[in-house]
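The values are calculated or read from the model by the stated rules, or taken from the named source; none is laboratory data. All figures in this text were calculated on a predicted structure; none of them were measured in a lab. Reconstructed Cβ throughout: ideal geometry from the backbone, glycine too, with neighbour counts over all protein chains shown.
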């Protein structure tokens, strides 16, 4: 490649958009071919084809189930979860004017982790895990928000501090629950949940978790230019005509919905909400008008790919929380080298 | 007599229990410049932020076009007053044109992005300020003078009739300072903009006066406005001595075309 990667991406906005819309679709398509049940590529193509023709196929119904009810839901869930984590990470980094912040900064992940652990001990039903994890995530952010309002002189720093406090309190509570949990039944479930996985994905689950994720994503996409202005800091954003408390509340609300929706079905998946935004920044710059949609696409694709690798690599499944950084780290270093640090 | 665009009446402000300023009266009329001169920490920035509606006076009121600023929404204020802050903390390396585009925020509704017309306005102000060549540069790498011009362009993109500048020439070198002053002069004379400007340099008031702009200089010290009026009446050797304890000389220079050009030379601090 003669042009540097950076210039290549920055020069062609149209190619860029096609690429970032086409890339997730390709990821979805090719991921249908990956799974533990041995299905040949031609069979899979036939199964996919049968959706688009009226011809009756004489394939065993189990094949249909594997593609449409096992593989596809998981892929779509991966896309949504990865996208949600990355998009909220991007939004938070700009909002709090700090590139080292991730989607979990306001305590969403630890809150959700606590909710899930509690549900595992008390009920051990998947539905209750989702509900309590979601509620835990939202509660944590609400608490951070309230702490941030105690002393109002520097709202941004107070809010982050609130998040740090709430996160550590919930982490302690998680440890407490682990300590109390039945070491043969509940403790392994808690540990596995906290490491993150898409394995539970069924269409029913996606439907529940997709609502908050889609609402959050849509909100962030709509407000994305305002996020640029908010990143100028409170006073400047107000002097530029923004009702900053309302605008900030919307961004925090949407990011929290998206992240809580993601975490409650997938468990805690680190890294995506911190580094995917930076990959986006390296590739296309910092303007949130582009960066927000691209984070969504990159995050989604990244998680699908990592999930595929996690399933192929060993007989069992490697938890996502382990693989995201193992695969993402070297990739990020490669990009840093290739783009010569981008705009940083 | 034209009506004042901005009027501060008996304005007092305190942080918790510390009084920053009290009983301040000021007004700005169309096509004028109001220079606010005073020592570090005397409350100039706080006063400016009150006029912008970012802070709220405890006593007194501020009127913008006859309307109490407390009753106006952020975007209503931003369409009338733009702000050139003294300190701008750069975080993400946005491109210059992306920064300037933010000046269009008051005209953009919450869930929408700027339109083609907003982009045209950006091109227009970039050319006006003379930084069109920097358009695609990350603003984080610019020099002090260049970034000041970028922020000025952003303020101009707001299309407001008033610009509030907080020490627009601080940390600038000799030539860049003059360049900023010349741009401000051109804005007042050609674009009919009115300016409130905090400054540490009394001669800047003379500069605008010498350019033929209607200039008011307000001396702020000890939490109040000590004096306000045309620079030649406010900046006298006697006032500098009584208010700031500074021995100074006013020099005038006749270039034969206009009135005498005046400058203040500070000589020494009077030790008690």
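Going by the structure shown, is residue B:90 part of a loop (DSSP other than H, G, I, E, B), surrounded by 14 or more Cβ atoms within 10 Å (Cβ to Cβ) and either more than 7 Å from chain A (Cβ to nearest Cβ) or touching a residue at least 60 places away in the same chain (Cβ under 8 Å) (or both)? If you could, list the steps in order and put the result at the bottom.
Working: part of a loop (DSSP other than H, G, I, E, B): yes; surrounded by 14 or more Cβ atoms within 10 Å (Cβ to Cβ): yes; either more than 7 Å from chain A (Cβ to nearest Cβ) or touching a residue at least 60 places away in the same chain (Cβ under 8 Å) (or both): yes.
Yes: the conditions hold for residue B:90.
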query: Given the conditions (1) modelled with pLDDT of 90 or more; (2) touching a helix residue (DSSP H, G or I) at 6+ places or on another chain (Cβ under 8 Å); (3) assigned to a helix (DSSP H, G or I); (4) away from chain A (no Cβ under 14 Å), and given that residue B:145 satisfies all but one, which numbered condition is not satisfied?
result: (1)
- prompt: Can you name every residue in segment A:183-208 that is touching a helix residue (DSSP H, G or I) at 6+ places or on another chain (Cβ under 8 Å), surrounded by fewer than 16 Cβ atoms within 10 Å (Cβ to Cβ) and modelled with pLDDT of 85 or more?
  reply: A:191
query: Taking segment B:96-105 on its own, how many of its residues are at the interface with another protein chain (Cβ under 7 Å from one of its Cβ atoms) and over 20 Å from the mean Cα position of the chain (by Cα)?
result: 2
- prompt: Quick check: is even one residue across segment B:39-46 touching a strand residue (DSSP E or B) at 6+ places or on another chain (Cβ under 8 Å) and either modelled with pLDDT of 95 or more or within 28 Å of residue A:98 (Cα to Cα) (or both)?
  reply: yes
- request: Take residue B:62 and decide whether it is buried (at least 22 other Cβ atoms within 10 Å of the Cβ) and part of a strand (DSSP E or B).
  value: yes
- prompt: Got at least one residue in segment B:116-123 being at pLDDT 95 or above, crowded, with 23+ Cβ neighbours inside 10 Å and more than 10 Å from chain A (Cβ to nearest Cβ)?
  reply: yes
message: Given the condition in a loop (DSSP other than H, G, I, E, B), without any contact (Cβ under 8 Å) to a residue 24 or more places away in the chain, within 14 Å of chain A (Cβ to nearest Cβ) and within 19 Å of the chain's Cα centre (by Cα), answer yes or no: does some residue in segment B:66-74 qualify?
response: no
- prompt: Just to be sure, is residue A:252 surrounded by fewer than 24 Cβ atoms within 10 Å (Cβ to Cβ) and either more than 30 Å from residue B:85 (Cβ to Cβ) or away from chain B (no Cβ under 14 Å) (or both)?
  reply: yes
- prompt: in contact with a strand residue (DSSP E or B) (Cβ under 9 Å, 6 or more places away or on another chain), within 14 Å of another protein chain (Cβ to nearest Cβ) and modelled with pLDDT of 90 or more - does that describe any residue in segment A:288-298?
  reply: no
query: From the residues in segment B:31-65 that are free of Cβ contacts under 8 Å to residues at least 60 places away in the same chain and within 14 Å of the chain's Cα centre (by Cα), which one is nearest to the other protein chains (Cβ to nearest Cβ)?
result: B:49
task: Return yes or no: is residue B:82 under 18 Å from the mean Cα position of the chain (by Cα) and within 8 Å of another protein chain (Cβ to nearest Cβ)?
output: yes
message: With the requirement that a residue be more than 16 Å from residue B:182 (Cα to Cα) and either in a helix (DSSP H, G or I) or out of contact with any helix residue (DSSP H, G or I) (no Cβ under 8 Å at 6 or more places or on another chain) (or both), what does segment B:107-125 give you?
response: B:107, B:109, B:115, B:116, B:117, B:118, B:119, B:120, B:121, B:122, B:123, B:124
statement: Within segment A:217-230, the residues that are surrounded by fewer than 22 Cβ atoms within 10 Å (Cβ to Cβ) and either in contact (Cβ under 8 Å) with a residue 60 or more places away in the chain or more than 7 Å from chain B (Cβ to nearest Cβ) (or both) are A:218, A:219, A:221
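Among the strands (runs of 3 or more DSSP E) lying completely within segment B:164-264, list those that include at least 1 residues that are farther than 12 Å from residue B:35 by Cα.
On the way: elements: B:194-199, B:214-221, B:224-229, B:246-253.
Where strands (runs of 3 or more DSSP E) fall fully within segment B:164-264 and carry at least 1 residues being farther than 12 Å from residue B:35 by Cα, they are B:214-221, B:224-229, B:246-253.
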